[in-house]
Each structure stands twice: as C-alpha cells, then as structure tokens.
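The values are calculated or read from the model by the stated rules, or taken from the named source; none is laboratory data. Being a predicted model, the structure only gives us computed values, none of them experimental. Positions of Cβ are backbone-derived with ideal geometry, glycine not excepted, and every protein chain shown enters the neighbour counts. Accessible surface is based on the protein model in full, side chains and every heavy atom, while ligands, DNA and RNA are left aside. Shrake-Rupley method; radii C 1.70, N 1.55, O 1.52, S 1.80 Å.
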Amino acid sequence: MSDRISQPSPADSRPSYVPAFTAFGDGYCRPGGEFDNAPIGIFDSGYGGLTVAREIVKALPDESIVYFGDTARCPYGPRSLDEVDGFVQQIGAWLIERGVKIVVIACNTATAAGLTHAQQAFQVPVVGVVEPGARAAVHATTNRHVGVIATKGTIESGAYAGAIRNLDAGITVFSVPTPRFVEIAEQGIRMTEGPIEDFTSLASNVYIRPAFQEIAKEYLEPLRRCEIDTLVLGCTHFPLLKALIGGVVGRDVLLISSAKEAAKDVAEILTRRGKRAEFGHEAAYEFFTTGDDVGEFERFGARVLRMPLGSVSHVDVGSL
C-alpha cells in the first residue's frame with residue numbers, strides 16, 4: 001500500500017467564478033444561454049463501449065453521439081499499452097475531425113494506455129472510464145476493501161489501483177484479471193435471439209449458461225474471501241454481466257459501473273463548460289466500425305444499446 005497523500009479540499013479546486021445556472025427538465029442545470037449541439041464522440045475496441053453510450057443516452061437525451069467501434073483490432077487487452085496508445089491517438093483525431101465537442105474513451109484498457117496522451121494532444125475535453133469508477137468506489141466503500149475486475153491489460157497497468165489510492169491511500173485494492181468475462185458477455189448476448197432466451201436474459205441482458213457461473217465463481221471467490229464491500233466493474237462489457245457477478249459476490253457487495261460513472265462525468269463537464277445541447281434538441285446517433293461485418297455490428301450493438309442502431313458505416317483501419 002502506498003503512503004498516504006494529502007488531498008485538496010473541494011473548495012481548493014472550485015473556480016473563482018461560477019456562472020448562473022438554469023434548471024431544465026432532465027435534472028441538470030446549465031449556464032444560462034450557453035449551448036452546443038455538436039455531438040459527443042465515444043470509442044471502444046468494439047461493442048463494450050456501447051454500455052457507456054447507453055448511459056450517456058439515458059443521462060443526456062438531447063445529445064447527439066458519434067460512436068466508433070474498433071472491432072477489426074479488438075481485443076485491446078492483450079496488446080501492449082504503447083500500441084493501444086497509438087490507436088487512441090488515431091481514433092481520437094478521427095472523431096475530432098467529425099466535429100465532436102468531447103471525446104469519451106469508453107474502454108478501460110485504452111483509458112489506461114492513452115488518456116493522458118490524448119488529453120495533452122487534443123483541444124477538446126477527453127474523458128476516460130477509470131477515474132470515474134475509482135472515485136465512485138472510494139465514496140462507496142465503508143470497510144475500505146475494494147475489488148477490481150478487468151481485462152489483463154487494465155489490471156497489469158495498475159490504473160484502477162493507482163486512481164483509488166490517489167484518492168484514499170488507506171484503501172486496500174484487490175485486483176483480479178477476468179479476461180473470459182468479455183467472451184461470456186458477447187456469447188451470452190448472441191444467445192439471446194430466441195423467445196426463451198429473450199425471457200431468461202431480461203434480468204442480466206445476456207443469456208447465462210451454467211458453465212458461465214462456474215467461470216464466475218473461479219474468478220470471484222478469492223475476492224469474496226478478501227471481504228470486499230465494493231467491486232469495480234473495470235471493463236465496459238461487465239455491466240452486461242451484473243446479475244451473474246452480483247450472484248457470486250453477494251448482495252452485500254456494491255457493484256460500481258464505470259460506464260454509468262463516466263456518463264455522470266460527461267454531463268458535469270459539458271454543463272460546467274456551457275457545452276450542453278439545447279433542451280429539446282433532436283439527438284442524432286451515428287455508428288462506425290472497423291470490422292467487415294457491419295450487419296453483425298448492427299444486430300449485436302442493438303442488444304447492448306437496447307435500441308436499433310440504424311445504419312452502421314465501415315471505416316477502414318488504413319484510413320485512420
């Protein structure tokens with residue numbers, strides 16, 4: 001465990017001038033008279049980031065979205081952090097060329113590998129999914145035993161452990177790589193195409209086979225023995241497995257969705273900068289993939305987003 005560090009009080013980070021805010025029916029306040037209808041840019045190595053898009057759509061229904069799924073180079077987890085950082089630069093620049101007002105790195109591995117570089121390189125705000133999830137876990141834990149599950153690359157980067165301990169150095173973080181959960185989430189969604197599977201998957205978004213439960217127990221039992229009271233779902237695929245994971249770790253363990261927490265950060269940043277879309281603005285959603293099977297992306301993505309994607313466009317990796 002790292003040495004305790006002092007943290008600035010909330011007042012230390014407040015701007016000296018706070019503009020007048022206007023309340024709107026969606027529950028957020030915005031600086032009066034300041035709007036920006038440009039889209040929000042979101043990207044991931046594939047489908048998982050659509051859980052972040054889903055939370056942003058729920059939190060910010062007036063906002064347009066451009067979503068980029070780099071399925072041709074998925075998964076990012078086994079790749080080196082330097083290589084993934086390069087992907088972040090490519091895709092971030094592509095999104096900015098399309099006029100987005102904020103970039104959301106909806107992938108934990110990509111956040112760990114390229115968030116700092118992207119924030120330095122791009123003129124628009126860049127938000128990752130690690131810090132929002134870490135912050136929520138710090139606020140939630142009472143016994144200061146926090147678990148983190150994620151891909152091998154995210155765990156090995158130490159991103160979550162570092163972010164949590166930077167906020168509270170007294171918290172003990174137990175990190176476990178759970179690489180097969182991505183496979184389980186995608187298999188489970190593909191199995192929800194029949195009427196019986198549709199019915200049985202309503203609670204968890206995916207169809208859970210008995211074999212999946214055995215894998216979950218193998219991964220999560222060590223965390224149960226560590227007496228964690230909070231578990232960070234450190235991959236954007238994992239909210240799809242909330243019922244499976246919660247069933248193993250038990251009701252006393254609070255599950256933190258990095259997707260939901262990232263959406264909260266996006267809302268706050270846009271509000272404070274006066275960059276929210278006009279109230280009642282008709283949102284437009286565009287989806288792009290580097291994968292060759294656009295139809296598969298449409299079908300699979302609709303299950304994750306819980307709404308039709310409409311037309312999905314292909315982007316060649318070589319053009320990035």
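Remarks
- Using the average count of surrounding beta-carbon atoms within 10 Å as a protection proxy, the listed peptides 139-147, 45-53, 175-183 rank, highest first, as 45-53, 175-183, 139-147.
- Listed by chain and number, the lysines placed with their C-alpha closer than 21 angstrom to that of residue 58 are 101, 242, 260, 264, 275; residues fewer than eight positions away on the same chain are left out.
- Across region 259-267, rounded Karplus estimates of 3J(HN,Hα) from the backbone phi angles (6.51 cos²θ - 1.76 cosθ + 1.60, θ = phi - 60°) give 5, 5, 5, 5, 4, 4, 5, 4, 4 Hz, Gly and Pro being marked x.
- With all protein chains kept in place, the per residue accessible area of region 26-123 amounts to 33 square angstrom at a probe of 1.4 angstrom.
- Rolling a 1.4 Å probe across the protein heavy atoms gives region 234-320 an accessible surface of 46 Å² per residue.
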